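Peer 1: Please see the structure below; I have some questions.
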Amino acid sequence: MPLKITVNDDAEIAGKTEQGQTIWEVTGDDPAVVVSYDILRPRFVILRLTSADRRNLDPKIYINRGKGFREEDAIFIPEGQDFVIIADVGSFGTASKFRLDPSSKPASFIVEATAFRSRSEADSYLARTRNEAKIHQVELGRLPRFIAALPRLRWKKASLTQRYAEASYQLAKEIAPIPHVATTPWLSIVVPVFNAPPRYLDDLVSSFEQQDQEGVELILSDDCSSSDETLRWLAAKATSGNVKIVRNATNGGIAVATNAGLEQALGEWVALLDHDDVIAPHALKMIRRALNVHPDTSFLYTDELVVDDQLRPTGTMLKPAYDPVLLTGVNYINHFSIYRRDRLSSIGGLRTGFDGSQDYDLLLRYLRNQEEKRVVHLPFPAYWWRRTGTTFSRTFMDQATTRARRAIQEHFAVQGMETVVRPALTPTLHRPEFIVEEEAWPKISVIIPSKGSLPLISRVLEDVLNGTDYPNLEVIVVDNGSSEAEVLTLYESIAETHPNFRYDIVNETFNFSRSINRGLRLKTGDHVLLLNNDVEVLDRDWLREMVSCLKFEGAGIVGAKLLFDDGTLQHAGVIVGFGGLAGHWYLNRPGNLPGPLNRLHVRNSLTCVTGAVMLISGDCLKTVGPWDEERFAVAYNDVDYCLRAHKAGFRIIWTPFARLRHHESLSRGAETGKEKKQRFELEKTHLREKHQTANFLDSATSPYYSRDRSTPKIVVPKKLAAARTGFYGRPTELNRRLDSAHPG
């Protein structure tokens, strides 16, 4: 291959353009794109760098002049959004790479490289770009062909992913295994096989045999392979200790082959693996240990390490505690999944007709009606997912996606809920839409705290009363002392034309919690929507989307996706414990950022959402009570309320399908001045003392993500995190009060 682009760990894939180009998102302090070429290569390389979110980039080019990529050899390029960089690398040479740093600040970018044998070919390409406005053309000229003196040999710096994995496995190595005393296995690992390359099978069996845990068996269920090399390999392994070979006479597909293997399983627990993947070092010991600590477990899943075809780490899948809402948008659980064999048998194992999404369908059926406290997440990279791009679900993505949506639709239908499953923000992910009769939508009381600010209050009222497609709502403005004639006239004129509008003016010091409580005393709706006066609606169906999220079992609070004026993220959820208090996730990142596991493109559960746009169910209001006016007058009142609801067992959901723009604090102003700063510091203290946020490990994120920044980085562990159970569970008496006639 004459030309190759490598992007380091300080940038991650954020999505694809409509043309299939990869969008990269800067996640660290030193993103780097290395362009490599062979000793014999086309002479000219053209690099195209484009901003994906229309924010300026400030790229740098590093040329290797025999001493590596040094700062003194860097070429600085003026800021812009679109660049064409031309390099004459020669047709032959031992100097074989140069480096591009796309941006020194948060950015989203697309990068492509093309090689040309002659300058005339390169100029033909460049001619096509000259018609594009504001494109920066950068000539690097003649790059070094040869490295005159070889640099001193050095070990390549391990990536953050490698260091995280190595530290995890070293810490696990120091833990003693649990002895197995029974005569039957405690775990059966079932792997369907069809024409698998022997080297993949060798890697899998080797990883199994190197586990420091007794009482396990590996079952390879062959789906009537036709490959001679696969058949020879299976024949050679037919009498290999605790590796069983199941030979199926006909090719029935992955579900049939897996079920045939399950029939031979003897373990109390069963795990399902793919034939091209690998069990991580010490994985089975860590799984056994977690099951011992949590004896009531009904299901366990682990984190994953993404590896290339040569088993080199390329990424991680760091997962939250069990979240059934997230699971209806994306199969974030995937592997390593540990099932109870008796329950797996009782639901009939895997179903045929779901190839490409058979594991997803199984998870939805298996986990239905399971108590969340019995679903355990082990934050340990126990599984190596070999990402080759040749699996069924990647090769036949459309069919796999269609089958996944059928499984999701059936999952809700069994619970008596009719849905249509549509694409999420990532087209291959899922958005279940609940079908509700028009007259069945519950009444929503929209409470808007405000004072003065005619441009803001007039816009938000117009958006809610005339720009929102919701059939049953009332709007209540709780005003803490407006005296401007224009504002009062606005209230009076709207009250005359909209019978569902009321306003209540009390001249008092601003206290957000007190304003909310005033509104709660005036409301007549089934549920309440809190709305800042400095937001504007972007989608007419935003409120329907938020109210429909109350259909999820136990839901008590729903938050929306909020954007700043420049389209970047203002609110994608609040993580408790950030900075010792709480903070917005992925603040100021691109509005289309998918986030870890594509979570920002689907609905998911959180511990906290902002009060700027917050829907609260009637049940939650009755149980949690009023907002805390004494300790949280202005700051952290929403965090306090969400944590109280969370501790009462209510689910808190964030949805990306309800979008609003937030002109944050325009009406109230910044937190400046001695008195405001003192009050702010006091409210921080109240939050730390009341909810122990300095030590709060939010179950909505990974214990191996940093807690000092809005965009977290992987933390290399010094000790292993404990297994954790699902973090929601509504009290029985609240379940009985669920009103099945309404989305709430």
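The values are calculated or read from the model by the stated rules, or taken from the named source; none is laboratory data. None of these values were measured; they are calculated from a predicted model. Methodologically, a virtual Cβ is constructed for each residue, glycine included, from the backbone with ideal geometry; neighbour enumeration extends over all protein chains shown.
Peer 1: If we scan the stretch 407-423, do we find a residue that is modelled with pLDDT of 95 or more, closer than 17 Å to Trp542 by Cα and either under 26 Å from the mean Cα position of the chain (by Cα) or surrounded by fewer than 16 Cβ atoms within 10 Å (Cβ to Cβ) (or both)?
Peer 2: Looking through the stretch 407-423, at least one residue is modelled with pLDDT of 95 or more, closer than 17 Å to Trp542 by Cα and either under 26 Å from the mean Cα position of the chain (by Cα) or surrounded by fewer than 16 Cβ atoms within 10 Å (Cβ to Cβ) (or both).
Peer 1: Being in contact (Cβ under 8 Å) with a residue 60 or more places away in the chain and either closer than 18 Å to Arg651 by Cβ or part of a loop (DSSP other than H, G, I, E, B) (or both) is the filter here; which residues of the stretch 583-599 pass it? Quick ask: steps written out before the conclusion?
Peer 2: To start, the set of residues in the stretch 583-599 that are in contact (Cβ under 8 Å) with a residue 60 or more places away in the chain comprises 583-594, 596-599.
If the condition is that a residue be in contact (Cβ under 8 Å) with a residue 60 or more places away in the chain and either closer than 18 Å to Arg651 by Cβ or part of a loop (DSSP other than H, G, I, E, B) (or both), then Trp585, Tyr586, Leu587, Asn588, Arg589, Gly591, Asn592, Leu593, Pro594, Arg599 are the ones that fit.
Peer 1: What's the total number of residues in the stretch 191-246 that are under 27 Å from Lys173 (Cβ atoms) and either in contact with a Leu (Cβ under 6 Å, 6 or more places away or on another chain) or not hydrophobic (A, V, I, L, M, F, W, C) (or both)?
Peer 2: Counting residues in the stretch 191-246 that are under 27 Å from Lys173 (Cβ atoms) and either in contact with a Leu (Cβ under 6 Å, 6 or more places away or on another chain) or not hydrophobic (A, V, I, L, M, F, W, C) (or both) gives 21.
Peer 1: Now, a different point. Could you give me the residue pairs with C-beta distances under 8 Å whose first residue belongs to the stretch 329-355 and is more than 18 Å from Arg403 (Cα to Cα) and touching a residue at least 12 places away in the same chain (Cβ under 8 Å), whose second residue is among the hydroxyl-bearing types (Ser, Thr, Tyr) and part of a loop (DSSP other than H, G, I, E, B) wherever it lies, and which are 6+ apart or on separate chains?
Peer 2: Here the result reads Arg340/Ser298; Arg343/Ser298, each pair linking the stretch 329-355 to a residue that is among the hydroxyl-bearing types (Ser, Thr, Tyr) and part of a loop (DSSP other than H, G, I, E, B).
Peer 1: Does the stretch 72-87 include one or more residues that are touching a Lys or Arg at 6+ places or on another chain (Cβ under 8 Å), acidic (Asp, Glu) and closer than 16 Å to Tyr37 by Cα?
Peer 2: Checked the stretch 72-87: no residue is touching a Lys or Arg at 6+ places or on another chain (Cβ under 8 Å), acidic (Asp, Glu) and closer than 16 Å to Tyr37 by Cα.
Peer 1: Mind counting the residues in the stretch 76-98 that are over 16 Å from Ile46 (Cβ atoms) and part of a strand (DSSP E or B)?
Peer 2: Taking the stretch 76-98 and keeping what is over 16 Å from Ile46 (Cβ atoms), we get 76, 78-81, 92-96.
Right, trim to part of a strand (DSSP E or B) and you get 76, 80, 92.
Final tally of qualifying residues: 3.
Peer 1: Let me ask something else about it. Got a number for residues in the stretch 411-446 being among the charged types (D, E, K, R) and assigned to a loop (DSSP other than H, G, I, E, B)? Break it down into steps so the answer makes sense when it comes.
Peer 2: Going residue by residue through the stretch 411-446, those that are among the charged types (D, E, K, R) are 418, 422, 431, 433, 437-439, 443.
With assigned to a loop (DSSP other than H, G, I, E, B) added as a condition, the list becomes 418, 437, 443.
Residues meeting the conditions: 3.
A quick yes/no check of all residues on (1) in a loop (DSSP other than H, G, I, E, B); (2) among the charged types (D, E, K, R); (3) farther than 30 Å from Pro177 by Cα:
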{"position": "Asp276", "(1), (2), (3)": "yes, yes, no"}
{"position": "Ile287", "(1), (2), (3)": "no, no, no"}
{"position": "Ala290", "(1), (2), (3)": "no, no, no"}
{"position": "Val325", "(1), (2), (3)": "no, no, yes"}
{"position": "Asn334", "(1), (2), (3)": "yes, no, no"}
{"position": "Tyr339", "(1), (2), (3)": "no, no, no"}
{"position": "Gly356", "(1), (2), (3)": "yes, no, yes"}
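Peer 1: Quickly run through the stretch 149-170 and pick out the residues that are in a loop (DSSP other than H, G, I, E, B) and either at pLDDT 90 or above or surrounded by fewer than 10 Cβ atoms within 10 Å (Cβ to Cβ) (or both). Reasoning before the result, please.
Peer 2: Of all residues in the stretch 149-170, those in a loop (DSSP other than H, G, I, E, B) come to 149-159.
Residues satisfying the conditions are Ala149, Leu150, Arg152, Leu153, Arg154, Trp155, Lys156, Lys157.
Peer 1: May I ask you to list the residues in the stretch 233-246 that are surrounded by fewer than 16 Cβ atoms within 10 Å (Cβ to Cβ) and either closer than 30 Å to Arg343 by Cβ or in contact (Cβ under 8 Å) with a residue 12 or more places away in the chain (or both)?
Peer 2: Within the stretch 233-246, the first condition is being surrounded by fewer than 16 Cβ atoms within 10 Å (Cβ to Cβ), and the residues that meet it are 235-236, 238-242.
Correct list: Ser240, Gly241, Asn242.
Peer 1: Just one of the numbered conditions (1) free of Cβ contacts under 8 Å to residues at least 60 places away in the same chain; (2) more than 26 Å from the chain's Cα centre (by Cα); (3) within 30 Å of Arg589 (Cα to Cα); (4) assigned to a strand (DSSP E or B) is not true of Phe69; which one?
Peer 2: Against the list (1) free of Cβ contacts under 8 Å to residues at least 60 places away in the same chain; (2) more than 26 Å from the chain's Cα centre (by Cα); (3) within 30 Å of Arg589 (Cα to Cα); (4) assigned to a strand (DSSP E or B), Phe69 comes up short only on (4).
Peer 1: Ok, one more. Across the stretch 682-716, which residue is nearest to Arg589 (Cα to Cα) among those that are of a type in the set (Asp, Glu) and in contact (Cβ under 8 Å) with a residue 60 or more places away in the chain?
Peer 2: Applying the first criterion (of a type in the set (Asp, Glu)) to the stretch 682-716 yields 683, 689, 698, 708.
Filter again for in contact (Cβ under 8 Å) with a residue 60 or more places away in the chain, leaving 698, 708.
On the way: Asp698: 21, Asp708: 16 Å.
Checked the stretch 682-716; the qualifying residue nearest to Arg589 (Cα to Cα) is Asp708.
Peer 1: Just to verify a result, which residue in the stretch 7-58, among those that are of a type in the set (Val, Ile, Thr) and either within 23 Å of Lys134 (Cα to Cα) or not assigned by TED's automatic domain parsing to the domain that holds Ile77 (or both), is surrounded by the fewest Cβ atoms within 10 Å (Cβ to Cβ)?
Peer 2: Residues of the stretch 7-58 of a type in the set (Val, Ile, Thr): 7, 13, 17, 22-23, 26-27, 33-35, 39, 45-46, 50.
Adding the requirement that they be either within 23 Å of Lys134 (Cα to Cα) or not assigned by TED's automatic domain parsing to the domain that holds Ile77 (or both) leaves 17, 22-23, 26, 33, 45-46, 50.
On the way: Thr17: 11, Thr22: 16, Ile23: 20, Val26: 24, Val33: 21, Val45: 23, Ile46: 19, Thr50: 22.
Of everything passing the filter in the stretch 7-58, Thr17 is surrounded by the fewest Cβ atoms within 10 Å (Cβ to Cβ).
Peer 1: Out of the stretch 11-42, which residues are over 17 Å from the mean Cα position of the chain (by Cα) and without any contact (Cβ under 8 Å) to a residue 24 or more places away in the chain?
Peer 2: Glu18, Gln19, Gly20, Asp29
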